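Here is the structure we will look at, set down as structure tokens.
The values are calculated or read from the model by the stated rules, or taken from the named source; none is laboratory data. The shown structure was predicted, so the numbers you read here are calculated from the model rather than taken from an experiment. Here the Cβ positions follow ideal geometry from the backbone for every residue, glycine too, while neighbour counts run over all protein chains shown.
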Amino acid sequence: MRVRETARGWTAVWLVLLALVQATALLLVWRFAVHTRTGQWLDTVALTGNRIGQDRIDGPVDSLLNAMSVVSLLVATAVIGFIALIRGRKTLAVTATLLIAGANVSTQLLKHYLVRPDFGIDPERAVAGNSLPSGHTAVAASVAIALILVLPPKVRVLGAFLGAGYAAAAGVATLSAGWHRPSDAVAAFLLVGGWAAVGGLVLLFFQRDRAEISPADAHRLAAALLGLVGVLALAACGLALAWLTAYSGTPAAELGRRPLFIGYAGSAAGIAGTMALVAALVLAVVHRLVPRYKG
């Protein structure tokens, strides 16, 4: 019993650390992307670069984004809750539902109350004001993370990769459609990741005494692979944006095709990498949050 309590204690510490790290990262992304000239310029370059090849991807992008609505979110939430309930996990059903609701409500509140200063860098969208975090991206990410929590161990890895891929595609689609800046999608993923850590603490607190952690449910290799993909994508994003800063004195509308494409592609890699890393962190610890039960 003492060994089990110690393990739960370390898991709780890890979840608190994850929540703090992701909250700090969200704050840094907001400060840099919204409140600095360089951050606003990089976002604008990525948005301007989305016109490259846009005529070929408009159809799939519109279909993906238009499928996201309040009705589809309610249906997805109901399905996720149902999966948890048929597994006999009432606390999991409630926690997954609250995770989705909390992530999406807080996204809308932040978008409404955060202020975006106008540095004259993106005059076409200045009237729209703040757009961070992205609501569409938060919908996709919260459903994907909740799915990882409620799925049985045998199909959890498949759900993690499909969910992370879908959420990453949704984040990139908001950029491709010109609906959101890349920092908006990254911020949404970090916000959902923070809510996932809080949900994990709730599951840990209400965990029954009959809980039995099984190493077979750990999915270490899959989590490591997903995390590696995320780290490599973020590294590619960092290199692309670092190269791009050499043009920082040039308005985005006056840049050539190459810097615009690198800005767009690098930002897309950053969006996908962030989601992969958030999903990997959840997958790595979910077997301790949703364990098997003796008997």
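At-a-glance table
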{"quantity": "Arg51 being within 30 Å of Tyr247 (Cα to Cα), at pLDDT below 95 and among the basic types (Lys, Arg)", "calculated": "yes"}
{"quantity": "Residue in segment 138-149 that is within 21 Å of Val172 (Cα to Cα) and among the polar types (S, T, N, Q) present", "calculated": "yes"}
{"quantity": "Condition check for Ala246: in a helix (DSSP H, G or I) and modelled with pLDDT of 95 or more", "calculated": "no"}
{"quantity": "Set Ala67, Ala33, Ala78, Ala84: member being more than 19 Å from Ala140 (Cβ to Cβ) and either modelled with pLDDT under 90 or within 21 Å of the chain's Cα centre (by Cα) (or both)", "calculated": "Ala33"}
{"quantity": "Residues of segment 246-293 classified as surrounded by fewer than 22 Cβ atoms within 10 Å (Cβ to Cβ), under 14 Å from Gly227 (Cβ atoms) and small (Gly, Ala, Ser), total", "calculated": "1"}
{"quantity": "Output for segment 61-118, where each listed residue is in a helix (DSSP H, G or I) and polar (S, T, N, Q)", "calculated": "Ser63, Asn66, Ser72, Thr77, Thr91, Thr95, Thr97, Asn104, Ser106, Thr107, Gln108"}
{"quantity": "Lone qualifier among Gly88, Gly120 - being over 30 Å from Ala252 (Cβ atoms) and surrounded by fewer than 20 Cβ atoms within 10 Å (Cβ to Cβ)", "calculated": "Gly88"}
{"quantity": "Boolean, Leu73 is closer than 27 Å to Gly238 by Cα and in contact (Cβ under 8 Å) with a residue 40 or more places away in the chain", "calculated": "no"}
{"quantity": "Given (1) under 30 Å from Gly49 (Cβ atoms); (2) crowded, with 17+ Cβ neighbours inside 10 Å, number of the condition Gly165 does not satisfy", "calculated": "(2)"}
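Residue-wise test of (1) under 19 Å from Asp122 (Cβ atoms); (2) at pLDDT 95 or above; (3) of a type outside the set (Gly, Ala, Ser).
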position	(1), (2), (3)
Val198	no, yes, yes
Leu201	no, yes, yes
Phe205	no, no, yes
Arg208	no, no, yes
Glu212	no, no, yes
Ala224	no, yes, no
Gly238	no, yes, no
Ala252	yes, no, no
